[in-house]
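Input: a single structure, listed below in structure tokens.
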Amino acid sequence: VDITVRPKPIAFAGNDTSICRGDTIQLFGSHDSKLPLTGPAFYEWSPPSGLSGLFVPEPFASPSQTIAYTLQVSSGPCSSTDVILVTVNNAIDAVASADTNRICEGESVQLFGEGGLGNANFEWRPAIGLDDPFSQNPVASPTETTFYTLTVDEGACKGEMGVEVIVNPKP
């Protein structure tokens, strides 16, 4: 009796990941085997929702909601599967404002930042003239007219908005 042991491809869909709603990510499917494969490896992703291709190892994914993609790799009659979870986070809307947008030389202005779902990080740029560029609501003391950009990030998502502070010379 002849027994033929066929090599089985071992599928790898990649590590679970997170993206921001509306973004696209490339999936990096691959395979390995303990023995050399006797034929080509074939890839199939499912479900098709948000994928640029189903029969390629590295499709682009643009899911509209959190989804688990399954990769099946087959060679001859043997196959295996692996799953990658793509978590879709809501976009971040950053809101930047100031208590006034016109000051005189030597004066200060209070900047206000909003955005995120409660665990966001805030960063104001440029940092020159700010008491704390990583504060949600820093005090700005610019020496000249400055456009401050607020970046709010939380998880895989970021949002940006800017506010201009005009510095008038003292009479």
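Only the coordinates and a few stated rules stand behind these numbers; no lab work does. Computed from a prediction, not measured in an experiment: that's the story for all the values here. Here Cβ is always computed from backbone atoms with ideal geometry, including for glycine, and neighbour counts include all displayed protein chains.
How many percent of DSSP beta bridges within the chain run antiparallel, rounded to 5?
Antiparallel bridges: around 85 percent, rounded to the nearest 5.
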Task: Square roots of five times the Cα gyration tensor eigenvalues for the chain, Å - done: 55, 13, 11
Open item on the list: Could you tell me which residue out of Thr24, Ile92, Gly39 lies farthest along the dipole of region 1-106 toward its positive end? Charges go on the beta carbon: Lys and Arg +1, Asp and Glu -1, centred on the Cα centre.
Closed with: Gly39
- [ ] Give the cysteines in the chain for which no other Cys Cβ lies under 4.7 Å away, or write none if there are none.
- [x] Cys78, Cys104
- [ ] With an 8 Å cut-off on Cα pairs and a minimum separation of 6 or more residues, tell me the relative contact order of the chain in percent.
- [x] 20
Open item on the list: Show me the chymotrypsin sites (Phe, Trp or Tyr not before Pro) within region 69-171 that DSSP assigns to loop and that have at most 12 other Cβ atoms within 10 Å of their Cβ.
Closed with: Phe134
Task: Residue among Glu144, Glu160, Glu114 with the largest mean-square fluctuation in a Gaussian network model of the chain, springs linking Cα atoms under 10 Å - done: Glu144
TODO: Would you mind telling me which residue in Thr38, Thr24, Thr151 has the biggest mean-square fluctuation in a Gaussian network model of the chain, where springs connect alpha carbons within a distance under 10 angstrom?
DONE: Thr38
- [ ] Using a Gaussian network model of the chain whose springs link C-alpha atoms within less than 10 Å, name the residue from Asn89, Asn121, Asn101 with the highest mean-square fluctuation.
- [x] Asn101
- [ ] Note down the relative contact order for region 81-161 as a percent, whole number, built from C-alpha pairs under 8 angstrom at least six residues apart.
- [x] 35
